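The values are calculated or read from the model by the stated rules, or taken from the named source; none is laboratory data. Note that the structure is predicted; figures quoted are calculated from it, not measured. No Cβ is skipped: glycine too gets one built from the backbone with ideal geometry, and neighbour counts run over all protein chains shown.
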Amino acid sequence: MKDNYSVVIFYSTSAAIRAESLAKKVNLKVKLIPVPRNLSSDCGICLRFNNEDKPKIEKILQDGKVEYENIYKI
Amino acid sequence: MIYLDNAATSYPKPKEVGQAMMYFLEKVGASPGRSGHRLSIESGRILYQTRENLAELFNVDDPLRIIFTLNVTEAINLALKGLLRPGDQVITSSMEHNSVMRPLRELEKREVEVKVVPCSPQGVLYPVDIERAIKKNTKLIVLNHGSNVIGSLLPITVVGEIAKRHDILLLVDTAQTAGCYPLDIRKDNIDLLAFTGHKALYGPPGTGGLVIGERVDTKELIPLKVGGTGSHSEFEEQPGFLPDRYESGTPNTVGLAGLNAGISFIFKEGISKIHQYELSLSQKLIAGLKEIPGVIVYGEEQVKDQVAVISFNIKDQLPSEVGLRLDEEYDIMCRVGLHCSPATHKTIGTFPRGTVRFSMSWFNTLEEVDQAIMAIRDIAKSA
């Protein structure tokens, strides 16, 4: 079965890397990838995660006060 | 060779520091925050790990509130010039380095009111004197944590409480304490913490930064420089978020990789252990020097706590001549003169002559301290 992914788009790579670090600390499967072509963003990288982890990802971003632009399904 | 000039820059560095820098140059290399490829991300991760390590060291919640600069001087300039406006008052002590005094004297010409609170000739600052100097237009208090001349500690925690109570900010210059003395931005009530990477944090020169506490409104803190950040590239205005607001241009990634390894080394050894060890070196050195007839050691008579920076003079010998003999005849490296801190030397009564300064690190030994004491005994006798 194919995995269902979403991505978090950030304003800066520092924020993206911070989000990756926070997610990995609680053992979430995440990966920094180049921003998909159809999602315009200035920051070159975004954080990919499994759809089912969305509430956890949102909580991490909120608790860590990580600024982000949006979350998209890909 | 005995190196006793660690207050200028630490030497040697832990071997891991050079290894981390070499690894970066050979295996990573790329510019962080600019491109989306693997190497750029890895470079960004190294920067972030360095911020995380610093955040742990200073007890900062959000590592992105740590801004990298060239050194502590740049960090202090950013804080002072970014915050102070004509009509504001700023309070400081008479024990400050020129990294604080010179920006303040420049700001004074732009109608910032500068109040220098005197310390005692032993280097003691009474917090009540700071509180008395506070006025309606006071915006900031700036203090060094550890003196770069006599190693004494200023009561930043108590002054920080005063600052909070009066709703003003405290900027602390930790050039001599970050890495060798426990620091906690919350417990010590620090709003802005300026640090350098190349002293007790064991990083290479060209690294340093400013920690921006939660009480600081970043809209009020103007960047020292603006430019490319790799973010918000569609706009010609500087982005407002951290750290990008204050970090423009390609960073010193190779240096920061080294700094990261330096901080990891401190965690491995333990900062309290490092401090206690350096304190034992200082106590032995001070006691040994004081036994030598004609030697004056500056600072308080009974010191309970300090960093490993000690200033002294031998009778009427010139510090420069003592320094030359230490280097040529005894293979001991130290720093003599005014140590970029005329204010401190005026306070302790050694201006314009200056002092001989010995400053130590984790890598100095009790045997080296003994040899330094013997050398001074020799020089004092032969004069």
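State all residues of segment B:18-32 that are buried (at least 18 other Cβ atoms within 10 Å of the Cβ) and either aromatic (Phe, Trp, Tyr) or more than 13 Å from A:ILE17 (Cα to Cα) (or both); if no residue qualifies, say none. Passing the criteria: B:ALA20, B:MET21, B:PHE24, B:VAL28. Among the residues of segment A:54-74, which ones are more than 14 Å from every other protein chain (Cβ to nearest Cβ) and within 20 Å of A:PRO34 (Cβ to Cβ)? Within segment A:54-74, A:ILE57, A:ASN70, A:ILE71, A:TYR72, A:LYS73, A:ILE74 qualify.
Answer yes if at least one residue in segment B:56-72 is assigned to a helix (DSSP H, G or I), in the same structural domain as B:ARG186 (by TED's automatic domain parsing), under 14 Å from the mean Cα position of the chain (by Cα) and not small (Gly, Ala, Ser), and no otherwise. Yes; the residues of segment B:56-72 include at least one that is assigned to a helix (DSSP H, G or I), in the same structural domain as B:ARG186 (by TED's automatic domain parsing), under 14 Å from the mean Cα position of the chain (by Cα) and not small (Gly, Ala, Ser).
Here B:ILE76 qualifies as closer than 30 Å to B:CYS334 by Cα, modelled with pLDDT of 95 or more, crowded, with 23+ Cβ neighbours inside 10 Å and more than 14 Å from chain A (Cβ to nearest Cβ). Strands (runs of 3 or more DSSP E) fully within segment B:151-269 that include at least 3 residues being under 20 Å from B:THR50 (Cβ atoms) and either more than 14 Å from chain A (Cβ to nearest Cβ) or of a type outside the set (Gly, Ala, Ser) (or both): B:192-196, B:208-212.
One line per residue, one yes/no per condition, for (1) on the phi < 0 side of the Ramachandran plot; (2) touching a Leu at 6+ places or on another chain (Cβ under 6 Å); (3) touching a residue at least 24 places away in the same chain (Cβ under 8 Å):
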{"site": "A:TYR5", "(1), (2), (3)": "yes, no, yes"}
{"site": "A:TYR11", "(1), (2), (3)": "yes, no, yes"}
{"site": "A:LEU22", "(1), (2), (3)": "yes, no, yes"}
{"site": "A:LYS25", "(1), (2), (3)": "yes, no, no"}
{"site": "A:LYS31", "(1), (2), (3)": "yes, no, no"}
{"site": "A:PRO55", "(1), (2), (3)": "yes, no, no"}
{"site": "A:LYS59", "(1), (2), (3)": "yes, no, no"}
{"site": "A:GLU67", "(1), (2), (3)": "yes, no, yes"}
{"site": "A:TYR72", "(1), (2), (3)": "yes, yes, yes"}
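Within segment B:38-65, being more than 11 Å from every other protein chain (Cβ to nearest Cβ) and free of Cβ contacts under 8 Å to residues at least 24 places away in the same chain holds for one residue alone: B:LEU39. Among the residues making up segment B:311-345, those that are surrounded by 19 or more Cβ atoms within 10 Å (Cβ to Cβ), touching a strand residue (DSSP E or B) at 6+ places or on another chain (Cβ under 7 Å) and not aromatic (Phe, Trp, Tyr) are B:SER311, B:ASN313, B:ILE314, B:PRO319, B:VAL322, B:GLY323, B:LEU326, B:ILE332, B:CYS334, B:ARG335, B:VAL336, B:HIS339. Taking the stated definitions as given, is B:LEU289 within 17 Å of B:SER152 (Cβ to Cβ) and either assigned by TED's automatic domain parsing to the domain that holds B:THR365 or basic (Lys, Arg) (or both)? In short, yes. The set of residues from segment B:267-309 being more than 30 Å from B:SER382 (Cβ to Cβ), aromatic (Phe, Trp, Tyr) and surrounded by 15 or more Cβ atoms within 10 Å (Cβ to Cβ) comprises just one member, B:TYR277. Residues that are of a type outside the set (Lys, Arg) and touching a Ser or Thr at 6+ places or on another chain (Cβ under 7 Å) do occur in segment B:313-321.
Number of residues in segment B:330-368 that are under 21 Å from B:LYS284 (Cβ atoms), aliphatic (A, V, I, L, M) and assigned to a loop (DSSP other than H, G, I, E, B) equals 1.
Note on chain A: no enclosed strands (runs of 3 or more DSSP E) hold 3 or more residues that are surrounded by fewer than 12 Cβ atoms within 10 Å (Cβ to Cβ). Examine segment A:42-49 for a residue that is charged (D, E, K, R), facing chain B (nearest Cβ under 10 Å) and within 22 Å of B:LEU47 (Cβ to Cβ), and state whether such a residue exists. Checking segment A:42-49: at least one residue is charged (D, E, K, R), facing chain B (nearest Cβ under 10 Å) and within 22 Å of B:LEU47 (Cβ to Cβ).
Take B:SER35 and tell me if it is farther than 17 Å from A:LYS25 by Cβ, hydroxyl-bearing (Ser, Thr, Tyr), surrounded by fewer than 22 Cβ atoms within 10 Å (Cβ to Cβ) and facing chain A (nearest Cβ under 8 Å). Against the criterion (farther than 17 Å from A:LYS25 by Cβ, hydroxyl-bearing (Ser, Thr, Tyr), surrounded by fewer than 22 Cβ atoms within 10 Å (Cβ to Cβ) and facing chain A (nearest Cβ under 8 Å)), B:SER35 qualifies. Entry remark, segment B:131-171: residues being over 23 Å from B:ILE212 (Cβ atoms) and surrounded by 24 or more Cβ atoms within 10 Å (Cβ to Cβ) number 6 in total.
Could you grab me the full set of residues in segment A:1-35 that are modelled with pLDDT under 90 and more than 11 Å from chain B (Cβ to nearest Cβ)? Scanning segment A:1-35 gives A:MET1, A:LYS2, A:ASP3. Going by the structure shown, is B:LEU183 closer than 30 Å to B:VAL336 by Cα and surrounded by fewer than 23 Cβ atoms within 10 Å (Cβ to Cβ)? So B:LEU183 passes the test.
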